[in-house]
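Chemist: The structure under discussion is supplied below as structure tokens; questions concerning it will follow.
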Amino acid sequence: MKTLAEHLSANNGKKRILSLDGGGIRGALTLGYLKKIESIIREKEQDDSLLLCDYFDLIGGTSTGSIIASGLAIGKSVDEITELYLELGGKIFGKKRSWWKPWETAKYLKAEYDYSALEKSLKDTFGDILLGGPEIRTGLCIIAKRADTNSTWTLINHPDGKFYDSEIGRNKDIPLWQAVRASSAAPTYFVPQLIDVGNNETGAFVDGGVSMANNPSLTLLMVATLKGFPFGWEMGEEKLELVSVGTGYSVFSKKTDDIEDNWILSWAKTVPDMLMQDASWQNQVVLQWLSNSPTADEMDMQMNSLKGDYIGGKPLLKYLRYNFPITTETLNALGMNKVFDDKDVKSLVEMSNAENRFELLEIGKRDSGRIKKEHF
């Protein structure tokens, strides 16, 4: 078992990164994949008690992915996090504010859900652990968006980070629950999280998913390898492995007449998902371009899977990506005890439908059958 210092060191063999997407309650689907990954790794390492924080040297996530990533980083098993997550999800998205209660109406105009349930659940889970605390057993990166400066923040626990413990930042003293709350503060769902960032300055943070890093895999690769960050890990197919896990995604399929008839509210509801998916697919294009991935998707009819299109002429990392297209065809192919229709798809795609969390977990477990031992 590695120490935290060994996980962070640039001189300790092959490095492994685990990247977890944002997606609200759809994080339950992620847990289905992680259970299979944990099982494969335990078999590979011949250790039935091995935790993902023992195997991965950097675990990072955005929004719901930051909740799961932080739980893994402090030494929880996938089963433990799943139990917490299913309970937490019901509390966080259990009840919307009421328009008919005058004392709640003003708050509803700021956010649909009461943040106190989210805050209490995170405090109960992470207690007094700080971002720089010894309870965090591997590298951790939480991605949030600072709305007052429009900057994406990568909150890391590396002691040599520029903002870890210096005149320009004391990120090590940020409570872990608060960092996760910041990353999860999805606009319209929850109010922003205010954080003391040092130098008598307070930042207003919202969900990291409103940046290019809702799929944080490329950002985590940059954190691990760019000179501006403290990790300094080398690139190379035998030196660096990146495992990226999604929360499921919708597939656009509309008639041109439907698009032509869209009105302002229709576009307002559609555009955020379009931009979020574009950012995620761009992450995937770049990472497939850098790697010879056994899980590579066909990007489009021109790029295909980018096999052989290596930057510099050779693979620069080992890259694995697991995600699920939420459609009637893919859902019904899983062999679950129901027939899914378009209404089910719409419900499962919605990121705040807490009643779907058990079904999403089962979807992830069933689709995880395509995760192979030889991938690791």
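The values are calculated or read from the model by the stated rules, or taken from the named source; none is laboratory data. Fair warning: this is a prediction, and the values are worked out from it, not measured in the lab. We place every Cβ from the backbone using ideal geometry, glycine too, and count neighbours over all the protein chains shown. Ligands, DNA and RNA are stripped out before the accessible areas are found, and what is left, the full protein with its side chains, is counted by its heavy atoms. Shrake-Rupley method; radii C 1.70, N 1.55, O 1.52, S 1.80 Å.
Chemist: Quote the accessible area belonging to Val197 in square angstrom, nearest 10, computed with a 1.4 Å probe and with ligands, DNA and RNA left uncounted.
Modeler: Roll a 1.4 Å probe over it and Val197 shows about 10 Å².
Chemist: Related question: For Gln46 and Asn304, compute 0.36 nm times the residue count separating them, minus their Cα-Cα distance, and round to one decimal in nm.
Modeler: 89.1 nm
Chemist: Using a 1.4 Å probe and counting only protein heavy atoms, arrange Phe376, Phe340 so the residue with the most accessible area comes first.
Modeler: Listed by decreasing accessible area, they come as Phe376, Phe340.
Chemist: What does the charge count near Leu8 come to, summing +1 for each Lys or Arg and -1 for each Asp or Glu among other residues with Cβ under 10 Å from its Cβ?
Modeler: -1
Chemist: Just for the chain, what percent of DSSP beta bridges are antiparallel, to the closest 5?
Modeler: Approximately 40 percent, going by the DSSP bridge assignments.
Chemist: Right, here's the next one. With the chain treated as a Gaussian network of Cα nodes joined by springs under 10 Å, which of Ala69, Ala144, Ala333 yields the largest mean-square fluctuation?
Modeler: The residue that fluctuates most here is Ala333.
Chemist: May I ask you to compute the full-extension gain from Lys314 to Asp342, defined as 0.36 nm times their residue separation minus their alpha-carbon distance, rounded to one decimal in nm?
Modeler: The span from Lys314 to Asp342 would gain 5.8 nm if fully extended.
Chemist: Leaving ligands, DNA and RNA out of it, work out the accessible area of Glu329 with a 1.4 Å probe and give it in Å² to the nearest 10.
Modeler: 130
Chemist: Cross-link list Lys338/Lys372; Lys35/Lys314; Lys2/Lys44; Lys239/Lys318: which exceed 20 angstrom alpha carbon to alpha carbon?
Modeler: In this structure, Lys338/Lys372; Lys35/Lys314 exceed 20 Å between Cα atoms.
Chemist: Quick check on the chain: what does the Kirkwood estimate of hydrodynamic radius come out to from the alpha carbon pairs, in Å?
Modeler: Result for the chain stands at 21.2 Å.
Chemist: Among Asn304, Asn353, Asn337, which one shows the highest mean-square fluctuation when the chain is modelled as a Gaussian network with alpha-carbon springs under 10 Å?
Modeler: The residue with the greatest mean-square fluctuation here is Asn337.
Chemist: Taking R0 as 35 Å, what FRET efficiency do you get between Gln277 and Ser39 from their Cβ-Cβ distance, rounded to the nearest 0.05?
Modeler: Computed FRET efficiency for Gln277 and Ser39: 0.75.
Chemist: I would also like to ask the following. Of Ile195, Leu287, Ser368, which is farthest on the positive side of the dipole of the chain, counting Cα position, with +1 on Lys and Arg Cβ, -1 on Asp and Glu Cβ, and the Cα centre as origin?
Modeler: The residue sitting farthest along the positive end of the dipole is Ile195.
Chemist: Against the empirical 2.2 N^0.38 Å scaling, what ratio does the C-alpha Rg of the stretch 152-239 come to?
Modeler: 1.18
Chemist: Counting each DSSP H run of 4 or more residues in the chain as -39500 (n - 2.57), what helix-only mean residue ellipticity at 222 nm follows after dividing by all residues, to the nearest 500 deg cm²/dmol?
Modeler: About -11500 deg cm²/dmol.
Chemist: Then there is this: Working out 0.36 nm times the residue gap between Ser151 and Lys372, then minus their Cα-Cα distance, what length gain in nm do you get to one decimal?
Modeler: In short, 75.8 nm is gained.
Chemist: Could you compute the net charge surrounding Asp367? Neighbours are other residues with a C-beta less than 12 Å from the C-beta of Asp367; K and R count +1, D and E count -1.
Modeler: Charge balance near Asp367 sits at +4.
Chemist: For a Förster distance of 35 Å, can you work out the FRET efficiency between the beta-carbons of Ser250 and Glu167, rounded to the nearest 0.05?
Modeler: Approximately 0.20, to the nearest 0.05.
Chemist: Still on this structure, I have one more. I'd like the accessible area for Met222, computed on protein heavy atoms only with a 1.4 Å probe and all protein chains in place. Round to 10 Å², please.
Modeler: 80
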